[in-house]
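Let me begin by presenting the structure, written as C-alpha cells, before commenting on it.
The values are calculated or read from the model by the stated rules, or taken from the named source; none is laboratory data. All of these numbers come straight from a predicted model, not from anything done at the bench. Counting neighbours? That spans all protein chains shown, and the Cβs are built from the backbone with ideal geometry, glycine included.
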Amino acid sequence: MYGPRDDVDLEKLAALGLPFWLAGGYDTPAGLAAARAAGAAGIQVGTAFALCRESGIEPGIKQKLLRQARDGTLDVRNDPRASPAGFPFKVARLSGTVSEEQEYAGRSRLCDLGYLRTPYRRDNGGVGYRCPAEPVDAYTRKGGALEDTRDRRCLCNGLVATIGPGQRRSDGYEEPALVTLGKDTGFLPDLPGSGGGAYSAGDVLRYLLG
C-alpha cells in the first residue's frame, strides 16, 4: 500500500529549518546516527519501550509478545481498515485479541468510550457524533456509509484492554485486547535481560545512545 510517493525527501525537510523526528526502523544506534546526520532532531521509538519492564502493557500480553519476538513468530501487519480514523494501523497478531478474526467476529460492536468519534451535521442542523466501529445500524442511521464499517476495530476499548483495565461486565463479558506494535524487534538481542523479558527503559536509552 506504500510507494515512492510516500518516501520523504529529508534534504528538503531539513531545509525548512524546523525540528523534525524520524520514526519507523530508526530504533538502533545506527538509525539514530543516520537520522541526526540527515538533520533530524532525533527519533521516535515505540516498540522497544512498549516491551520494556516499565511499559503499561498488561504483563501477560507483554510476555507473549516478547516470547514470539524472540522465537521469530511475531507477526505485525499494517491494516488499512482496522482504525476507525481511516489511517493504516499496525496490529500485532496475538491469540485472544481482536487481531484474530474469531475474536473480532465474536465481539459485540459498541462505541461507549468514543475517543475517536467524528462530528457530523444532523438533518436539523445540529451536530452529532459517529464512529465506523460502532454498531453498523447506528452508524448508517447517522448518515455514515456502510462500506466504512467493514473490518473496523474499536481502538478505544481494545487499547485500554491492552494495558489492563478493559471493560468487565456483570454478564461475564471481558473486553479483548488489541495490540499495536512496530515490525522491528531486532533490538532485543542487544538489550540486557531481554532473554527473560526484564529489560528496562534505561537499558533502551543506553542501547540507543551507545
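A few notes on this one:
- The listed residue being of a type in the set (A, V, I, L, M, F, W, C) and out of contact with any strand residue (DSSP E or B) (no Cβ under 9 Å at 6 or more places or on another chain), out of Ala161, Ala92, Ala177, Ala138: Ala177
- Residue among Thr185, Thr180, Thr140 that alone is closer than 18 Å to Ala85 by Cα, of a type in the set (Ser, Thr, Tyr) and in contact (Cβ under 8 Å) with a residue 40 or more places away in the chain: Thr180
- Test: residue in the range 72-80 that is over 17 Å from Lys183 (Cβ atoms) and over 13 Å from the mean Cα position of the chain (by Cα): no
- For the range 191-210, taking the residues that are assigned to a helix (DSSP H, G or I) and at pLDDT 85 or above, the one that is nearest to Leu110 (Cα to Cα) is identified as Ala201.
- Here Ala41 passes the criteria (1) in contact with a strand residue (DSSP E or B) (Cβ under 7 Å, 6 or more places away or on another chain); (2) surrounded by 12 or more Cβ atoms within 10 Å (Cβ to Cβ) except the one numbered (2).
- Where Pro19 falls short, out of the listed (1) assigned to a loop (DSSP other than H, G, I, E, B); (2) of a type outside the set (Gly, Ala, Ser); (3) at pLDDT 95 or above; (4) surrounded by 16 or more Cβ atoms within 10 Å (Cβ to Cβ): (4)
- Of the listed requirements (1) part of a loop (DSSP other than H, G, I, E, B); (2) surrounded by fewer than 15 Cβ atoms within 10 Å (Cβ to Cβ), Thr97 misses just one: (2).
- Yes/no for Ala50 being touching a residue at least 60 places away in the same chain (Cβ under 8 Å) and under 12 Å from Thr185 (Cβ atoms): yes
- Residue match in the range 5-16 (condition: within 28 Å of Cys156 (Cα to Cα) and at pLDDT below 95): yes
- Selected residue (criterion: farthest from Ala50 (Cα to Cα)) from residues of the range 115-135 that are of a type in the set (A, V, I, L, M, F, W, C) and in contact with a Leu (Cβ under 7 Å, 6 or more places away or on another chain): Cys131
- Candidate set from the range 143-177 (those that are assigned to a loop (DSSP other than H, G, I, E, B) and basic (Lys, Arg)); member that is farthest from Ala85 (Cα to Cα): Arg169
- Residue selection: Gly31 satisfies the criterion of being surrounded by 13 or more Cβ atoms within 10 Å (Cβ to Cβ) and either more than 16 Å from the chain's Cα centre (by Cα) or closer than 28 Å to Arg93 by Cβ (or both).
- Pairing each residue of the range 106-127 that is charged (D, E, K, R) with any residue that is part of a helix (DSSP H, G or I), provided the two are 6+ apart or on different chains, yields C-beta distances under 7 Å for Arg109/Val136.
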